[in-house]
Amino acid sequence: MAKLQYCLILSLLLLSTFATLSHGGNSTTGPPKTIPEECRKATGGPCHSKTRSLKLKVIAIAAILVASMMGVILPMLSRAIPALQPDKKLFVLVKAFASGVILATGYMHVLPDSFDCLTSECLPEYPWRKFPFTTFIAMLSAVFTLMVDSYAMSCYKKYHEKTKEKLEVKISGDHFHGDGSSGLDSPASQLRRYRVVAQVLELGIVVHSVVIGLSMGASDNLCTIRPLVAALCFHQFFEGMGLGGCILQAEYEMKMKAMMVFFFSVTTPFGIALGIGLSNVYRENSPAALMVVGILDAVSAGLLNYMALVDLLAADFMGEKLQEDMKLQAISFVAVFLGAGGMSVMAIWA
């Protein structure tokens, strides 16, 4: 849970810095001469209305909050719905579909947005259009996620071993024969893996959700906001199902589950509310905004792509359940393509 708190704090600090820089762009020194004139002006046109867009954004906050909560909570109701329990085929298919949604989110939504920001004409040509910063940052983010994944597993394992040693001290050596749960495929090791996956995945989701919410909240473009509300509800619902499945498999206590559900559900609405509050100083085409949003999107894209491919799809498809059932494996691939395809279509509007 500490990782999520650090992520939120970091996001807020970056956003605060961004707001300060954006506001500072209107100082007497003026913007650099290399920046086109249109980048120094606020956007306008027939689609722009601050009053009407505010009503849509308030509706969006409520709709996205409900969609997020429904999506992340649905897998946790599997105890009441036998067909959705983790050992059932339907759960595997739903998780495969949701994993496809998360994969497409990284490749089709977050990564292109980062490219648009960091190669914008509103940024100086050097160094932003001389080097592929988006893919470089996404690559570093993926490797860093692997490091977090690996070290977190090591820490969980050491903690488990210390706990086991303390238990052995209390039990007579003649009567203790161990439970054989120290292997990589043991139930204890698998549970540790699920817990690491759930926390790291939520970390990536929180980062890009804040960015998406901020951009939407600060915009007054009705033509963009209308389709974006529906697209984000779809996105949050199925992304929530993927995360909810991971939380369910992690077998957290009720308090921890509630906290993770809360953070996932409120992050995008919080970003929208923050964007509304910063709308007077926020300019989406300002150099500061483009750099901060572009870098955060690239980091989030690398993290989400790694998590979707390695910790979700590869872990499931290379696992015993799907390897022993070719028919289920084939249907699961169809579910992945449907999830990724549906989310890719959403890229037309969002």
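Of the residues making up region 107-129, those that are open to solvent by 50 Å² or more (accessible area, probe 1.4 Å) and more than 21 Å from residue 301 (Cβ to Cβ) number 3.
Picking from residues in region 77-101 that are among the basic types (Lys, Arg), in a helix (DSSP H, G or I) and open to solvent by 50 Å² or more (accessible area, probe 1.4 Å), the one that is nearest to residue 345 (Cα to Cα) is 89.
Modelled with pLDDT under 85 and in a helix (DSSP H, G or I): is that true of residue 313 in this structure? Answer is no for this residue.
Taking the conditions exactly as written (of a type outside the set (D, E, K, R) and surrounded by fewer than 18 Cβ atoms within 10 Å (Cβ to Cβ)), does residue 104 satisfy them or not? Taking the combined requirement at face value, the residue does not satisfy it. Kindly indicate whether residue 298 is open to solvent by less than 30 Å² (accessible area, probe 1.4 Å) and within 18 Å of residue 117 (Cα to Cα). Yes: the conditions hold for residue 298. Take residue 289 and decide whether it is surrounded by fewer than 18 Cβ atoms within 10 Å (Cβ to Cβ), out of contact with any Gly (no Cβ under 6 Å at 6 or more places or on another chain) and at negative phi. No; evaluated as a whole, the condition is false for this residue. Each residue in region 71-128 was checked for being in contact with a Phe, Trp or Tyr (Cβ under 7 Å, 6 or more places away or on another chain), among the small types (Gly, Ala, Ser) and over 23 Å from residue 323 (Cα atoms), and 2 of them qualify. The residue that is most open to solvent (accessible area, probe 1.4 Å), counting only those in region 316-338 that are over 18 Å from residue 190 (Cα atoms) and assigned to a loop (DSSP other than H, G, I, E, B), is 324. Restricting the first residue to region 267-288 and requiring it to be more than 22 Å from residue 237 (Cβ to Cβ) and touching a residue at least 12 places away in the same chain (Cβ under 8 Å), which pairs with a second residue that is among the polar types (S, T, N, Q) and part of a helix (DSSP H, G or I) meet a Cβ separation below 7 Å and a spacing of at least six or different chains? Short answer, once both residue conditions are applied: 281/22; 282/22; 283/22; 284/215; 286/22; 288/22.
The values are calculated or read from the model by the stated rules, or taken from the named source; none is laboratory data. Predicted model, so just to flag it, every value in this text is computed and none were measured. Positions of Cβ are generated from backbone atoms using ideal geometry, with glycine treated the same way; all protein chains shown enter the neighbour counts. The protein model used for the area step is the full one, side chains on, heavy atoms only, and it has no ligands, DNA or RNA in it. Shrake-Rupley method; radii C 1.70, N 1.55, O 1.52, S 1.80 Å.
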